[in-house]
Amino acid sequence: MPVLEVPRGFWGRLRSFVGGRWIDGHPLGFGQLFDPGLGEVIGEVPLGGKEDVDEAVEAAYEAFKTWSRTPVPDRLQYLFRIKWVLEEHREDIARVNTQNHGKPISDSRGDLRRTIENVEAAISALLTLSKGEYQREIAKDIDEIMMREPLGVFSIITPYNFPVMIPFWFIPYAIALGDTVVVKVSPVTPIPMTYVMELMADVLPPGVLNLVHLDNSVVDYLVTHRLVEGTAFVGTSTIALRLYEASARAGKRFLGGGSAANYAVVMPDANLERTVETLIHSKYGNAGQRCLAIQNIVVVGDDNFYNKFKKAFVERARVLRVGYGLDESVEMGPMTTEQYRQNVIRKVENAVNAGARVVLDGRDYKVQDYPRGFYLGPTILEGVGPDMDIVREEVFGPVANLIRAGNLDEVIDWINRGKYHHSAAIFTQSGAWARYFVNNVNVGNVGVNIGIAAPVGWFPFGGRGISGLGSHHPQMDVIDFLTDRKTTIIRWF
């Protein structure tokens, strides 16, 4: 199929958007930006320092003084404008998303659907869940009021794998509630969100929404900045734990989405054909670069059932169409960087050295038309167990582990004893097995015959333990995170 066109083939040197202006900032250096499907440089990102943090936070702080007092109906109209911009340009944004990340265009279009959905959820939240409470006569002639108040400036630090969708887990709710925002995007895939900011540059008052390109060395400075009230972060658990501790010491709020090594359980009564197809896409979609990806597929049953599932899964993975994401026939794109590609190869090699057997090897996969792209093919391992690093640690690539278990309780025990507690899925036609699994597995998101248990915008995006730090979760659950309850007790003489 022909390759889709993108708004720009080369993006030059990106700039930050601060206080309603595009600025060059004070970069400590620059990073190259790639189209991973082509393996070609398509731009350059500045890696800003502390001066850039100060300028962005100050702009947001000044904007908060008026934005927090903007009437609710007016803020609502701004949200409708944001939704209109995203709807009007959704195809171009999706193509830019694929251009810089590499994921298939179908995945990017799905990302944009969820992005817009969160704007819609924020509109609903503003009209309903942001209201306070009032009670008469808590004592003789005394009434009490509770109102939600916006807190001020929030920083949002986002990963490379969902360049637009994850920022919008937080942005629309923050601005709806009267807060102002500084977004620090990944230096690997900053182009899509920068493009969105270009489209939205005149939508909001200056300083309400700011975007900065920063060197990773100043992230802690942003999180603990004296004018920042809190931070929403999504990335690895290692970084989340560090920032969580820094935030606590500075008296700041923190919400952290972390790493995952998710399990799917295939029970003996599962619909084999539909289960295989679902797991193929939940494993290899986004080239496995998502926290909801299924990493470990555990088959419960006898030898015959295991071998039947294995044969069907390997055969489907073998014919998965891997290629350039802007080709609409492609099912799996490249890794986003060559470094990430090499990281996955190293993890597979370590697993083999530890005793894993390679059933399908994608380490040397080549896409003929794109020899410089950062491609891996679908990879499948067996002979692995719950104590091996390839199972316990996050792989973040197109590698599936096939594991056998004697019964469902054994699998639940593996999951609950695991390092991460993000998501899990079960494939079965038994309501009893499904209910037992849902009620006993210690994760934040569960799928029943669903491979990617991605909550819609008006539900929280869960994660437990070091997969979800803090007391709140992304999406609509951030309402309590972004506001504080003020009580007023009233008596008139």
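Averaging Cα coordinates gives a centre for segment 431-481 and one for segment 97-125; these two points are 19 Å apart. If you average the sequence gap of Cα pairs under 8 Å that are 6 or more apart and divide by the length of the chain, what percent do you get for the contact order? Dividing the mean separation by the residue count of the chain yields 20 percent.
Based on alpha carbons, the Rg and Dmax found for segment 84-197 are 18.5, 66 Å.
From zero up to wherever the largest Cα-Cα distance of segment 20-76 sits, split into 5 Å bins and tell me the percent of pairs in each. With a bin width of 5 Å, the distribution comes to 4, 15, 15, 14, 13, 12, 11, 9, 6, 1. Our summary gives segment 262-448 a relative contact order of 28 percent, counting only alpha carbon pairs under 8 angstrom and 6 or more residues apart.
What's the long-distance tail for segment 326-440, i.e. % of Cα pairs beyond 16 Å?
Values: 4329 of 6555 pairs.
Percent of Cα pairs beyond 16 Å in segment 326-440: 66.
Neighbour counts of C-beta atoms inside 10 Å place 129, 14 in the sequence 129, 14, starting with the fewest. Fewest neighbouring Cβ atoms within 10 Å first, the residues 11, 492 line up as 492, 11.
Per-residue ellipticity at 222 nm from helix content only, as computed over the chain with -39500 (n - 2.57) for each DSSP H run of at least four residues, stands at -11500 deg cm²/dmol.
Annotation: the residues 124, 16, 237, sorted from fewest to most other C-beta atoms within 10 Å of their own C-beta, follow the order 124, 237, 16. Annotation: lysines with alpha-carbon distance below 18 angstrom to residue 310 (same-chain offsets under eight excluded): 283.
Past 31 Å, Cα to Cα: identify those pairs from 311/347; 140/252; 419/486; 65/131, in the order given. Table pairs above 31 Å Cα-Cα are 140/252; 419/486. Full extension of the chain segment joining residue 315 with residue 248 gains 19.2 nm, where the gain is 0.36 nm per residue of separation less the Cα-Cα distance. Rounded to the nearest Å, what's the spacing between the alpha carbon centres of segment 150-193 and segment 2-66? Just the number, please. Between the Cα centre of segment 150-193 and that of segment 2-66, the gap is 14 Å. Between residue 471 and residue 269, the modelled label-to-label distance comes to 4.2 nm, taking each label 7 Å out from Cα in the direction of the beta carbon. Computed extension length for residue 77-residue 410: 114.6 nm, one decimal, from 0.36 nm per residue of separation with the Cα-Cα distance subtracted. At a Förster distance of 35 Å, what's the computed FRET efficiency of residue 203 paired with residue 133, Cβ-Cβ distance as r, to 0.05? With a Förster radius of 35 Å, E is 0.60.
For the chain, the Kirkwood hydrodynamic radius from C-alpha pairs, put into Stokes-Einstein at 37 °C and a viscosity of 0.692 mPa s, yields a diffusion coefficient of 139 µm² per second.
Values quoted throughout were computed directly from the atomic coordinates according to the rules given, and no laboratory measurement underlies them. Every value quoted in this text rests on a predicted model; they were computed, and no experiment measured them. Here the Cβ is made from the backbone with ideal geometry for all residues, glycine too, and neighbour counts use every protein chain on show.
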